[in-house]
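In what follows, a single structure is set out as C-alpha cells and then discussed.
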Amino acid sequence: MEITQMLDQLKVVWERNASAIAALEELPAARGTTGVLENLRKHQTCVEDAVVALSRLARVGGKVRGRKPAWITTVEDAIASR
C-alpha cells in the first residue's frame, strides 16, 4: 500500500473519530460514555501521530539513507510500548 493511500485512510478514520467524539460530548455524562469518550480521544491522538509520521515520509518520498531521524525512533518506541 502506498504512503498516500495509508494517509488518506487515516484521515478518514480521524474524521470518523472526531464526529464520534463530538456526538459523545453532547450526551449527558454517564459511566459508559465517559470511558468510551476517553478511549476515542486516545485513539484520536494515535491517529494524529500516524498522520504526522506518514506526512513526513510522503514529503521525503520514503527514501532515506543512514540513521533514522529521532522522531521516527520516538514514534516507533511509543507504538511498541502500547
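Return the distance in nm (one decimal) between the two label points of a simple spin-label model at residue 51 and residue 30, each offset 7 Å from Cα along Cα→Cβ. Simple spin-label model gives 2.9 nm for this pair. A Cβ-based charge dipole, computed about the Cα centre of segment 3-80 with Lys and Arg at +1 and Asp and Glu at -1, lands at about 500 debye.
Projecting the Cα atoms of 10, 32, 55 onto the charge dipole of the chain (Cβ charges, centred on the Cα centre) puts 55 farthest toward the positive pole. Can you tell me the 0 to 90 degree angle between the C-alpha axis of helix 70-80 and the longest principal axis of the chain, rounded to 10? Compared with the principal axis, the helix lies near 50 degrees. For the chain, dividing the convex hull volume of the Cα atoms by the residue count gives 101 Å³ per residue.
Since every read-out is calculated from the coordinates, none of them should be taken as a lab result. Predicted model, so just to flag it, every value in this text is computed and none were measured. Every residue, glycine as well, gets a Cβ built from its backbone with ideal geometry; the counts of neighbours run over all protein chains shown.
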